[in-house]
Amino acid sequence: MPPESLNAFLVSRDVSPIRMVTKTSWHAAADRTKRHYLRKARQVMDATLEEIAPENSEELLRAMQESSMGGESDLDSTLLVALVECYHNADHWRNRRQILSIIADNVSFTTLQKWIPGISRYRFSIACHHRLLHGRGSEVPHQIFYILYISDNVLTKTKF
């Protein structure tokens, strides 16, 4: 479909047209750029699915996702998308480990690699371990230890 035809379709569905296409590879793109294109792709898919199945567009999308996941049909991909987004937005490994512990025992490592490219088996295993030790998604209190140094001069001058 020529870009003009696609944009005309989008405008007819009250969706902003596609103004630019990505020039870099997906892996080299910045997170903000990826979010922009994911949002735009979602808008295009929603408009298209609504045209194909006006009353059942969400069910059609879910069926498409399940069929492309290779047998993971019981997986709620909508929830997985939200958790993966939370994982990427987390600012520290502690938070990412908590998020992974929510899904690690319900999703295979290879499936999780499709959703989070670059995830290591170590991080996956640590998330499973976190779930077993502390509970699914539980926060582990960050312990701060203080070391108090008292010089020998103070100790020898002090009478107990």
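Summary of computed values
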read-out: Residue-averaged 222 nm ellipticity for the chain, from DSSP H runs of 4+ at -39500 (n - 2.57), nearest 500; value: -18500 deg cm²/dmol
read-out: Candidates Arg13, Arg97, Arg123: whichever shows maximal mean-square fluctuation once the chain is modelled as a Gaussian network with Cα springs under 10 Å; value: Arg13
read-out: Size of charge dipole - the chain - debye, nearest 20, with Cβ of Lys, Arg +1 and Asp, Glu -1, no other charges; value: 1140
read-out: Convex hull volume of the range 1-68 per residue (C-alpha atoms, cubic angstrom); value: 117
read-out: Karplus-derived 3J(HN,Hα), 6.51/-1.76/1.60, for each residue of the range 110-121, Hz, glycine and proline x; value: 5, 5, 5, 4, 5, 8, 10, x, x, 5, 8, 4
read-out: The chain, relative contact order [Cα under 8 Å, separation at least 6], %; value: 13
read-out: The range 110-160-the range 1-56 distance, computed between alpha-carbon centres (Å); value: 42
read-out: Dimensions in Å of the range 72-160 - Rg and Dmax from alpha carbons; value: 20.8, 74
read-out: Segment Glu50-Lys34, length gained on full extension (0.36 nm per residue, minus Cα span); value: 3.4 nm
read-out: FRET efficiency estimate (nearest 0.05) - Cβ-Cβ, Ala41 to Asp91, R0 22 angstrom; value: 0.25
read-out: Residue among Asn95, Ala47, Val84 farthest towards the positive dipole end of the chain, charges placed on Cβ; value: Asn95
read-out: Label corresponding to volume of the Cα convex hull per residue in Å³ when calculated from the structure given, among [x] 118; [y] 177; [z] 220; value: [z]
read-out: For peptides 146-155, 16-25, 86-95, sequence by mean Cβ density within 10 Å, most packed first; value: 86-95, 16-25, 146-155
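Values quoted throughout were computed directly from the atomic coordinates according to the rules given, and no laboratory measurement underlies them. Bear in mind that the values here come from a model prediction, so they are computed numbers and not experimental data. Methodologically, a virtual Cβ is constructed for each residue, glycine included, from the backbone with ideal geometry; neighbour enumeration extends over all protein chains shown.
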